[in-house]
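The values are calculated or read from the model by the stated rules, or taken from the named source; none is laboratory data. What you see is a predicted model; the values in this text were computed from it and never measured. So basically every Cβ, Gly included, is an ideal-geometry build from the backbone, and we count neighbours across all protein chains shown.
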């Protein structure tokens, strides 16, 4: 997800905060599992539509109960754009990718979201990175390109094309997340985060309503697919947003976003546990390179002190 949130944080993370951070990583990691389960029956467009409609039904009553509807009405135009760039497009992209690549690999490419956010912030908002952060961008994108090339190299013919298209869909989705993060920072700073979250899901639902109807599968989706879609909407989007905003309030946005580094581990674990997926050494190395570059580019990895 992408949001620039100016919420006060209490000093120091408590054990409950750490538990919630791990729970959120586990939930978002599971989203890649649920996409793999649901997308063959629904298709990428219909699944994305069901996801945002369901999430809207979870979040809207909560926003209304907390008196957040006036903020949503006051900022509906930029929030609508965030709905497109932070939900509709990336949800379709990752759902499409789930048709051809496993949950772990999809989550690894998703971890590049922070790289795209930093790069777009550099180009658009003129947030010029320091030397270490620029190095991190280079390392991270090298890891993304290397992993994409390596994955394509182990396939032939039509399989190679489908994998390349899936990887491209992931990267377009992460780029959309990165743009949305910077747009939110530019135009929605100070807006209550739950209003942005709820409004973005409503906006995405409006945008995807007609495409979802047109792309609805001719055959009734299997019960297991409905379970996957429901979990994506209610748990991985609705409940996950609530957890995320609790963490922002308690430990601050900079600490809360570290969940991004934990998601691939959970996605890989869920894929191995429930779908029998495996990752080879090259993919693990590529994941490490991407996370190393991301941690440098975003300032999460401590740099060596300067010598006086």
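Structure above, values below:
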{"item": "Only one of 190, 286, 178, 238 that is on the phi > 0 side of the Ramachandran plot and at pLDDT below 95", "result": "190"}
{"item": "Of all residues making up segment 156-199, the number that are under 16 Å from the mean Cα position of the chain (by Cα) and either farther than 30 Å from residue 65 by Cβ or assigned to a loop (DSSP other than H, G, I, E, B) (or both)", "result": "14"}
{"item": "Any helices (runs of 4 or more DSSP H) falling wholly within segment 34-151 and containing at least 1 residues that are touching a helix residue (DSSP H, G or I) at 6+ places or on another chain (Cβ under 9 Å) and farther than 30 Å from residue 275 by Cβ", "result": "44-65, 69-74, 76-83, 113-124"}
{"item": "Unmet criterion (only one of (1) over 15 Å from the mean Cα position of the chain (by Cα); (2) more than 26 Å from residue 69 (Cα to Cα); (3) surrounded by 15 or more Cβ atoms within 10 Å (Cβ to Cβ); (4) modelled with pLDDT under 90) for residue 246", "result": "(2)"}
{"item": "All positions within segment 160-189 that are free of Cβ contacts under 8 Å to residues at least 40 places away in the same chain and out of contact with any helix residue (DSSP H, G or I) (no Cβ under 8 Å at 6 or more places or on another chain)", "result": "161, 168"}
